[in-house]
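Below is one structure, written out as structure tokens, with a few remarks after it.
The values are calculated or read from the model by the stated rules, or taken from the named source; none is laboratory data. Since the model is a prediction, treat every value here as computed from it, not as a measurement. Neighbour counts run over all protein chains shown; Cβ positions are idealised from the backbone, glycine included. Please note that ligands, DNA and RNA were not included when accessible areas were found on the heavy atoms of the full protein model with its side chains. Shrake-Rupley method; radii C 1.70, N 1.55, O 1.52, S 1.80 Å.
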Amino acid sequence: MSPAAAATTRSVVDELLRRIGEGDPEGIAELYAERCDWRLDWPESEHGRTATPWIRHRSTRADAAAHFRELAEHHVPGQAATEIERILVDGPDAVVLGEIRQTARSTGPPYRARFALHLTVEDGLVTRHHVYEDSLAVAQAFATK
């Protein structure tokens, strides 16, 4: 493990989180490699469902931008926050631990979901984006009564 690799990873992760906080999908996507391994810990049979279309695997920089556009479309603007509790870096890999707070646009309830985000940075770009989150909280927020 090179200290330089860890420093680059930390720098890219910090910038990614800053851009996510600003909500600029194209700016966020600039930090992803043209091809990336994007996975979500969510039942495959539920990927891309009408209420949560942003929840599906991705594989390109354009997909990354689309993810953040779709995420924004389905949540109430100005009613979101993310608390980053810890960032762990080991060479090219980083794990971000925290909690998101959002409000579902289609159904109205706010929700909280704890998450772990595993990122891999190679040549200054994100090549892996694996999310493990409280999918039940998200699903319940978007469930129609």
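For the reader, a short list of remarks on this structure follows.
- Label-to-label distance, nm, for residues given as Leu125 and Asp14 (7 Å Cα→Cβ offset): 2.3
- Using a Förster distance of 35 Å, the FRET efficiency for Ser2-Ala81 (Cβ separation, nearest 0.05): 0.50
- A cut-off under 12 angstrom between Cβ atoms defines the neighbours of Arg101, and their net charge, with Lys, Arg +1 and Asp, Glu -1, is -1.
- Membrane-span-like helices in the chain, defined purely by DSSP H runs whose alpha carbon atoms cover 27 Å or more axially and whose average Kyte-Doolittle hydropathy reaches -0.5, are 3-22.
- Shape category assigned to the range 32-109 from the gyration tensor of Cα positions, a/c cut at 1.5: oblate
- Computed over the chain with a Gaussian network model linking Cα atoms closer than 10 Å, the most mobile of Arg58, Arg101, Arg39 is Arg101.
- Note on Ala143 and Glu99: the model spin-label points, each 7 Å out from Cα along the C-beta direction, lie 2.1 nm apart.
- Extension gain for the segment His118 to Arg39, taken as residue separation times 0.36 nm less the Cα-Cα distance, is 27.5 nm to one decimal.
- Glu44 accessible area, 1.4 Å probe, all protein chains in place, Å² to nearest 10: 120
- Farthest toward the positive end of the dipole of the chain, out of Thr8, Gly78, Ser59, is the Cα of Gly78, where the dipole comes from beta carbon charges about the Cα centre.
- Using only side-chain charges placed at the Cβ, +1 for Lys and Arg and -1 for Asp and Glu, the dipole size of the range 1-132 relative to its Cα centre rounds to 360 debye.
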